[in-house]
Amino acid sequence: MSLRTSANRYAKALFDVAVEEKNDLAQIDRDLQAVVVMMSASPDLAQAAGRSGVTEAARKSLMEAVADRMSLATPVKKLLVLLAESRKLNLVPDLSIAYRERLLTHQNIVRAEVTSAVALSPDKTQALAVSLGQVTGKQVDLSVSVDPELLGGIVAKIGSTVYDGSVRTQLSRMRQELVK
């Protein structure tokens, strides 16, 4: 089983437990992000919890202490202890991503990556988010970047769907039509 598949299963279980127990879903997301940052900043901790010479009880107490120190939500604490006991802390970064995707789906939010030829004003960004929201039927979380090679217009990517309204693409299509 791949790491991503395992991480997705743990994320689903965590999300289901959090919903069932009426936990703050966004707080659990923030806690997972904090754990990812902590593990990146302190890789020795994750390695120590994964070493074969460290007893299960020691791994458990280590992660409980870390969770208490970070004031993590109870479901996150239990999950970290479980992952440490089974030496699977390496799943946390992928698990965090999978949990966030479940949270966004639950909140009816979709992510969109928008690239434009020039920087968009806040008003245009908001109008674009509203337009994409009408197309998708969901609230849109925009990530905007600038690519001057587009010449004009925008390219919006939502999941695997791309809406390409760039001048570069229009010119390319015209060129293809003229060649035919």
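Derivation of every value follows stated rules applied to the coordinates shown; laboratory data play no part. No experiment lies behind these values; they were computed from the predicted model shown. With ideal geometry, Cβ positions are generated from the backbone for all residues, glycine too; neighbour counts draw on all protein chains shown.
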Extension gain from residue 21 to residue 125, taking 0.36 nm per residue of separation minus the Cα-Cα distance: 33.7 nm
Where only C-alpha atoms are counted, convex hull volume of the range 48-148 per residue in Å³: 143 Å³
Enclosed volume per residue, in Å³, of the convex hull spanned by Cα atoms of the range 108-179: 88 Å³
Taking only Cα atoms of the range 137-177, radius of gyration then Dmax in Å: 12.2, 37
Ranked 154, 28, criterion: other C-beta atoms within 10 Å, fewest first: 154, 28
Gain on full stretching of the segment that runs from residue 57 to residue 139 - 0.36 nm per residue minus C-alpha separation: 25.0 nm
Semi-axes of the equivalent ellipsoid for the chain, Cα gyration tensor, largest first, Å: 43, 18, 14
Per residue Cα convex hull volume in Å³ - calculated over the range 3-105: 86 Å³
